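Right, one structure below, let's go through it.
Where a number appears in this text, it was derived from the coordinates with a stated rule and is not lab data. Because the structure is predicted, anything quoted here is derived from the model rather than measured. Please note: Cβ atoms are built from the backbone with ideal geometry, for glycine as well, and neighbour counts cover all protein chains shown.
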Amino acid sequence: MSLKDSSEAVFSESPGKIALRNLRKDKRSIIALSILGFIVGISFSAPLYAHFVAHTNPFQSTLDATISIHGEQKAVLEPSTTGLGLGVTPIGPTWNLGKYFLGADGQGRDVMARLLYGGRSTLLIGTTAGLLCIFLSLLIGIIAGYRRGWVDAVLSRLLDIIWAFPVYLLAISLSVVLLTSGLTIGFIHVGPGSFALPIFIIGIVYIPYVARPIRAQVLALREREFVRAAVGTGAKSSTIILREILPNIMPSVLVFIPIIVSLSMLTESALSFLSIGVQPPAASWGTIINEGLGLLYTRPIVGIAPGLMIVLTAAALNLYGDAVRDALDPKTRARGD
Amino acid sequence: MRRKSVIFNSLIGAAALLTSVLVGTSTSQAVADGPLAAYDAAHAGGTLTLVAQAAAGTLDPKVNYTGQYWQIFQATYDGLLSFSYGTGKTTFKVVPDLAEALPALSNGGKTLTFKLRKGIKFSDGKPVTVNDVKASFERIFKVSSPTAGSFYNGIVGATACLAKPATCKLDKGVVVDAAKNTVVINLVAADEAINSKLAVPHAVINPASAPSKDAGTTIIPTTGAYMIKSYNPNKSLILVRNPNFKEWSHDAQPQAYPDEIDYKFGVTPTAQVTAVENNQANWAYDPIPSDRLNEIGTKYAAQVHVNPLTAMWYLPFNVNLAPFNNLKARQAVSYAIDRAAMVKIFGGSQLAAPVCSFLPPNFPGHVDYCGYTKGATPAKPAKAWGAPDLALAKKLVKESGTAGQAVGIVVSDDDVNKQMGVYLQSVLNSIGYKATVKPISGNIQFTYIQNTKNKVQISVTQWYQDYPAASDFLDVLLGCASFTPNSDSSINMAGYCNKALDAKMAKAKALGVTDAVAANKMWGAIDQEVMADAPVAVAFTPKQLDFISSQTKNYIFSYQYKMFVSQLQVK
């Protein structure tokens, strides 16, 4: 290919395509996506694992269950037979996929099956809450930045109010209130055990973190020549927003997505750990860590396994976020990073 | 008595029934009944360190209603009478304390005459006088002591004091004679339990100058072996020897061993265990976390003391609210719960045993029976609980027409109670309900589940006896008089009121004055009748576990106040 052909090829490619190409080449992105793909894959196969492999119902207490290990029948919750015979200890990891691979929790439930179900809940809530947050932030940021004036003042003060609360304090307060009796808006009622509640709560508390930078970007874009030219030609606001503003803030939004999803997932885990997120008998990684807290001395794997899953997922999402940022940032590309 | 905290009951007929209590009770440290050993000055001294997750609120002995501080008050404050120091059943005995002897009864048991001991001083150096005694009884009403209306409402003038506490005067109810050093207590009617009522901390003698409201963290001078040096509910309670204390009764208030007691707060249960293991603390107050039980039971077995309790963990159903306003629904849950599984959650068979009857084993009136076990019915009960009957439970739910209904289970937010809640949720879901667990702070759960305004359908709670009498369980927890709608003080959480059974309970109480054996038989029959109605599902009876450090000696268990703190030796 001649130099001319090459430069034409570069200029004819859209920024999106360039970013995608860069992402495909980026080892961080490949590693992060592989990890995420694996975690999402096994988490969403939880019902299959529970039904066909472990043959267990991870939401049913089975305190009197027994299993056969090497031909020996053992209680899933083993009463102590040494010393004064105090205490009952759940069975530890058998490392046999069909029989309590990671052992049992205090209710005699299969930890592995709950871990996979827990991943499903955490990923579902984290991703949905993250996307809800991004969507609402985009809406608020664009309206405030584009409209300016009193609309901006009102929306910015609203964001300031949410911003003024420490994130976890706000999330905990909302959870405690909403989880007691659920949420009722008109004829819509969301029950206390519904996933919609943590999604809603987490989706709300992170809005200022995304909406404020978006608003700032829109305010700056609003003064750029191409936007002013569009205004000058009499284009509708909606057209200007969709065609001129939105494409220019999308790189930032795309960078925000993995970060906010990761933060939402961590917040969900924290709330569930505090018993104000996912409600029993449903599982999330946070609830399993909470259950494992009482077994830290005897069966630490119950708390460690979901902790590791959270670390892996959050690290993978952040790594992917970095890769996306670099792929979308023309300055980074220009520096040859 | 509620676990660890609230002591609620009236004290009726304790002495007459003492001998029947604890007979056949299993314990890892069976102790003979007897007096306290003579004081051994060689072991006096040192600092005893106690650790707990939280303080127990006000330090006012007339207001505080927790087992945690009643244990401490025994070594700091004195009443005219007190429960005896000693071993085994002796600890239920009422003995003279600030009074020279048990009261002389006259006027058909309505007048009690005490003679106050001379030479006893408060920790601030002022002598204890009969005027302090009178003021202390008036103070019960002025500070609105939790038992003012139940324990002391029989004192002449109490009715007016209950109506207008601030201006309470018991001029006719508590008559004192400074010259003779006597105190005469006049009752409206004879009360067979008055001695026991005068022996609990709410009846201790404070200086007449003590505040007329809850003292909170303000320190009130003491008469006992210790005085309070400082109290910060967020940090610690420090007790030091009372410089004005001289032992006047080895049974009532013996000389203490440690020079100082440091009660530290803010230590998590697991950190408490570690601190005791490392000799950084002498005793852990809170229940031992389940994952440390095996460890202390094997590595530190010599430091573990397990003692029987006449108590129960149970599930009150709200009999006035769906779905448990339906007898079949209540019976279904009673059949469905696996009591052995609940024992496992509590810590295993060494720390608890499954039961079905309302009166605990080895308790006056207790009959070995279980109407809610596989193969039995309330009409044809088995001798003991054997296994749950899920098939019958599902059938009963179906027949009741309550299948598919939502049920909220209110539990305390500590680990064991939450696990109980999750287990119960699983059981309720498996028999056809849509159950949710509602863990709430242990500080409010007990009162929350009592109030009908909160519409609690089912909860998990405990009841620990103060003294051995069937009325302490059946009458207090399921009597019509104990149910007060819309009140936080409605200990009949089930809201159960059966007038016919109430009349039978009144008859049994009256019979108890003259014929304890016949009365107990009657209580046993009432127990079975009540449980046929299933206003509650009894789960198991627990034991008390105390874990002390290797450097701590002379552990003595009191059935009344649990471990004697002042008798522990650290030197």
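The distance from the alpha carbon centre of the range B:320-335 to that of the range B:258-278 is 43 Å, rounded to a whole number.
Please report the net charge: other residues with Cβ closer than 14 Å to the Cβ of B:T436, K and R +1, D and E -1.
Working: positive: B:K418, B:K434, B:K438, B:K455; negative: none.
With Lys, Arg at +1 and Asp, Glu at -1, the net is +4.
Helix A:301-328 and the longest principal axis of the C-alpha atoms of chain A enclose an angle of approximately 10°.
A straight line joining the Cα centroids of the range B:69-134 and the range A:276-311 runs 52 Å. Here the peptides B:36-45, B:357-366, A:130-139, B:206-215 are ranked by packing, the mean other Cβ count within 10 Å, and the order with the highest first is B:357-366, A:130-139, B:206-215, B:36-45. Could you tell me which of rounded, prolate or oblate describes the range A:50-136, using a ≥ b ≥ c as the square roots of the eigenvalues of the alpha-carbon gyration tensor, with rounded for a/c under 1.5 and, failing that, prolate when a/b is larger than b/c and oblate otherwise? Prolate is the answer for the range A:50-136, as a/c is 1.5 or above and a/b outweighs b/c. Placing +1 on the Cβ of every Lys and Arg and -1 on the Cβ of every Asp and Glu, with no other charges, gives the protein assembly as shown a dipole of roughly 1540 debye about its Cα centre. Think of the range A:200-296 as having a plus end and a minus end, set by charges on the Cβ of Lys, Arg, Asp and Glu; of A:V255, A:L274, A:V231, A:V231 sits farthest toward the positive end of this dipole. Relative to the dominant Cα principal axis of chain A, helix A:111-147 is inclined by about 20°. Residues B:T436, B:T298 in ascending order of nearby Cβ atoms (within 10 Å, fewest first): B:T298, B:T436.
Relative contact order of chain A, taken over Cα pairs closer than 8 Å and 6 or more residues apart, is 22 percent. Over chain B, calculate the relative contact order: mean separation of alpha carbon pairs under 8 Å at least 6 apart, over the residue count, as a percent. Computed value for chain B: 20 percent relative contact order.
Starting at the first residue of the range B:352-369, write each ³J(HN,Hα) from the Karplus equation 6.51 cos²θ - 1.76 cosθ + 1.60 with θ = phi - 60°, in whole Hz, x for Gly and Pro. After applying 6.51 cos²θ - 1.76 cosθ + 1.60, I find 6, 9, x, 9, 10, 6, 6, 7, x, x, 6, 10, x, x, 5, 10, 6, 7 Hz.
Legend: Rg and Dmax of the range B:152-206, from Cα coordinates, 11.7, 32 Å.
Projecting the Cα atoms of B:G348, B:A384, B:P364 onto the charge dipole of the range B:330-415 (Cβ charges, centred on the Cα centre) puts B:A384 farthest toward the positive pole.
Take the alpha-carbon centre of the range B:162-184, take the same for the range A:24-46, and report the distance between them in whole Å. Computed from Cα coordinates, the inter-centre distance equals 80 Å. Average projection, convex hull of the Cα set of the range B:283-401: 9.5 square nanometres.
Give the total of Lys-Lys pairs in the range B:264-395 with Cα-Cα distances below 30 Å; include a pair only if its members are 8 or more places apart or on different chains. Lysine pairs, 8 or more places apart or on different chains, close enough: 20.
What average number of partner chain Cβ atoms lie no more than 10 Å from the Cβ of the residues making up A:274-287? Present the calculation step by step, with values, prior to reporting the outcome.
Numbers: counts 0, 4, 1, 0, 0, 5, 10, 8, 0, 0, 0, 0, 0, 0.
So the per-residue partner count for this stretch is 2.
Using the average count of surrounding beta-carbon atoms within 10 Å as a protection proxy, the listed peptides A:150-162, A:278-290 rank, highest first, as A:278-290, A:150-162. Mean per-residue shielding of peptide A:184-197 is 1, counting Cβ atoms of other chains within 10 Å of each Cβ. Dividing the summed helix terms, -39500 (n - 2.57) for each DSSP H run of n ≥ 4, by the number of residues in the protein assembly as shown produces a 222 nm estimate of -12500 deg cm²/dmol to the nearest 500. Find which of B:G157, B:W70, B:G125 sits farthest along the positive direction of the dipole of the range B:21-180, computed with +1 on the beta-carbon of Lys and Arg, -1 on that of Asp and Glu, about the Cα centre. Value: B:G157. The relative contact order of the range B:369-445 comes to 26 percent, based on Cα pairs under 8 Å that sit 6 or more residues apart. A simple count of charges around B:I261, restricted to other residues whose Cβ falls under 10 Å of its Cβ and scoring Lys, Arg +1 and Asp, Glu -1, yields -1.
Counted by Cβ distance under 13 Å from A:N290, the other residues give a net charge of -4, where Lys and Arg count +1 and Asp and Glu count -1. Computed from the Cα positions only, the extents of chain A along the three principal axes stand at 85, 59, 33 Å, in decreasing order. For the range B:42-118, the square roots a ≥ b ≥ c of the C-alpha gyration tensor eigenvalues yield an a/c of 1.5 or more together with a/b exceeding b/c, which makes the shape prolate. Based on the convex hull around the alpha carbon atoms, the range B:515-558 presents an average projected area of 5.7 nm². If you wrap the range B:167-255 in the convex hull of its Cα atoms and look at it from every side, the mean projected area works out to 8.3 nm². With both labels modelled 7 Å from their Cα along Cα-to-Cβ, the A:Y168 to A:F44 distance reads 3.1 nm. Pairs of C-alpha atoms in the range A:209-337 farther apart than 20 Å represent 62 percent of all such pairs. Looking at chain B, the DSSP beta bridges with both ends there are about 75 percent antiparallel. For the range B:441-571, the Kirkwood estimate of hydrodynamic radius, built from reciprocal distances between every pair of different alpha carbons, is 17.3 Å.
Using the 2.2 N^0.38 Å rule of thumb for compact globular proteins, work out how the range B:25-162 stacks up: its C-alpha Rg over that value, please. Taking the Cα Rg and dividing by 2.2 N^0.38 Å, one obtains 1.24. Cross-link partners for A:K74 among the aspartates and glutamates, with Cα-Cα distance under 12 Å and sequence neighbours closer than 8 places in the same chain left out: A:D64.
Taking a straight Cα-Cα cut-off under 17 Å and skipping sequence neighbours fewer than 8 places away in the same chain, the lysines within cross-link reach of B:K507 are B:K499, B:K521.
What average number of partner chain Cβ atoms lie no more than 10 Å from the Cβ of the residues making up B:294-300?
6
Counted over chain B with a bin width of 20 Å, the fraction of Cα pairs per bin, in whole percents, is 21, 54, 24, 1. If you look at the Cα atoms of the protein assembly as shown, you get an Rg and a Dmax of 33.3, 124 Å.
The lysines whose alpha-carbon is closer than 22 Å to the alpha-carbon of B:K169, local same-chain residues fewer than 8 away aside, are B:K62, B:K110, B:K115, B:K134, B:K142, B:K180, B:K197, B:K213. The A:F226 and A:R24 beta-carbon pair, evaluated with R₀ = 41 Å, returns a calculated FRET efficiency of approximately 0.85.
For the range A:24-75, pairs of C-alpha atoms spaced more than 12 angstrom apart make up 75 percent of the total.
Counting DSSP beta bridges with both partners in the protein assembly as shown, what percentage is antiparallel, nearest 5?
Expressed as a percentage, antiparallel bridges in the protein assembly as shown total about 80.
Dividing the alpha-carbon radius of gyration of the range B:310-465 by the rule-of-thumb value 2.2 N^0.38 Å gives 1.00.
Counted by neighbouring Cβ atoms within 10 Å, the residues A:R299, A:R120, A:R21 run from fewest to most as A:R21, A:R120, A:R299.
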